[in-house]
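For reference, the structure is listed below as structure tokens.
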Amino acid sequence: MKTSFRTTAEDKEQPIWAQMNPDAAAGARSAAGALAKLAMLDSAELAKSCSNGVELLSKMADAIASQKADAPTRLFRLGDLEALERKLVADVIGEGEVTGLVALPDGSVVQIQEAALAGLWRVRIKTDTLHEYLEVGAIPEIIKRAATDLTAADIEISRPPEGAMNVLPVLAEIREHALAWRPGIPSQIINFTLLPMSPVDLSFLHETIRNGPIQLVSRGYGTCRVLATGIRNVWSVQFFNAMDAIILDTIEIGGVPTVAVAADEDFEDSAERLTEIIEAYFK
């Protein structure tokens, strides 16, 4: 059913409860805050006015419940939803710990935002127009594709500069593991915090493996930055303290690092939470 509520440019920046109840007091824009405000609204009227949005939430709950970490992802388009329904979905799913960017060869940028429900992702592709969808899976498929299609299959190791100490054996180890890795093989981790690497070593290593097309940030317990390198299956994974100082600096060789990936238990928990939200606010 089409919504009867007027939507202005200003309204689009407001959560669903503010658009349906303009007299409600201002509160937090987090998922928890939005859900608390939703509880103030009439559930029957909300479900009636945003029927397509509620239906989409129900479909995603079913998809999350049956999802496994190693299974293909499932996409849910947002284009058929009206502005109020899109805002409802955004308020319900909230924002989680992982954000990311993927740089595509045509110059467009993909924005990744994990929902507060782990295993559910919001993907925005900015070209001349904005393409946006929700994706259920361990990690959005576009990240895995970019990590494979937009990186080199092998490392070209040139002669190191004067002052290099241990970089050649490290690069040889990275190359060996990167070429040998296949899905299902455990990732290999090289911890630079424990290695005697000089500034010259680190500079030459970074020049050799280069920057890749993917940047992910996880803000769970502290901050973790995951960067794809220019070499397939090779990732830079760095952990930072509250002062933004590196406390663990590693190279991880394998698939997308697990710090950014949803696990089977995440899907179980997210499906239960989303089902509870639907039953509490829209039934």
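Any read-out appearing in this document is the output of simple, stated calculations on the displayed coordinates, not a laboratory observation. None of these values were measured; they are calculated from a predicted model. Note that we place each Cβ from the backbone using ideal geometry, even for glycine, and neighbour counts take in every protein chain shown.
Tell me, in nm to one decimal, what length is gained between Leu101 and Ile157 on full extension, where the rule is 0.36 nm per residue of separation less the Cα-Cα distance? Provide the component values of the computation, followed by the final result.
On the way: separation 56, 0.36 × 56 = 20.16 nm, distance 2.79 nm.
Length gained between Leu101 and Ile157: 17.4 nm.
Going by average Cβ density within 10 Å per residue, which order do the peptides 251-263, 194-206 take, highest to lowest?
On the way: 251-263: 20.8, 194-206: 15.5.
Packing proxy ranking, top to bottom: 251-263, 194-206.
Summing +1 for each Lys or Arg and -1 for each Asp or Glu, what net charge is found among the other residues whose Cβ lies under 13 Å from the Cβ of Phe204?
Values: positive: Arg159, Arg210; negative: Glu156, Glu162, Asp201, Glu207.
Net local charge, Phe204 excluded: -2.
Among Asp269, Asp91, Asp154, what is the fewest-to-most ranking by other Cβ atoms within 10 Å? Please list the in-between numbers first.
Details: Asp269 16, Asp91 22, Asp154 10.
If I rank by nearby Cβ atoms, fewest first, I get Asp154, Asp269, Asp91.
Using 27 Å as the Cα-Cα cut-off, could you pick out the over-long pairs in Lys48/Lys144; Lys68/Lys144; Lys59/Lys144; Lys144/Lys283; Lys126/Lys283?
Working: Lys48/Lys144 38 Å; Lys68/Lys144 16 Å; Lys59/Lys144 24 Å; Lys144/Lys283 37 Å; Lys126/Lys283 36 Å.
Over 27 Å Cα-Cα: Lys48/Lys144; Lys144/Lys283; Lys126/Lys283.
Based on the alpha-carbon gyration tensor of the stretch 146-260 and its eigenvalue square roots a ≥ b ≥ c, which shape applies: rounded if a/c is under 1.5, prolate if not and a/b is larger than b/c, or oblate? Each step should come with its number before you reach the end.
Values: a/c = 1.74, a/b = 1.12, b/c = 1.56.
Since a/c reaches 1.5 but b/c is at least a/b, the shape of the stretch 146-260 is classed as oblate.
Only counting other Cβ atoms within 10 Å, I'd like Ser66, Ser187 sorted with the fewest neighbours first.
Ser66, Ser187
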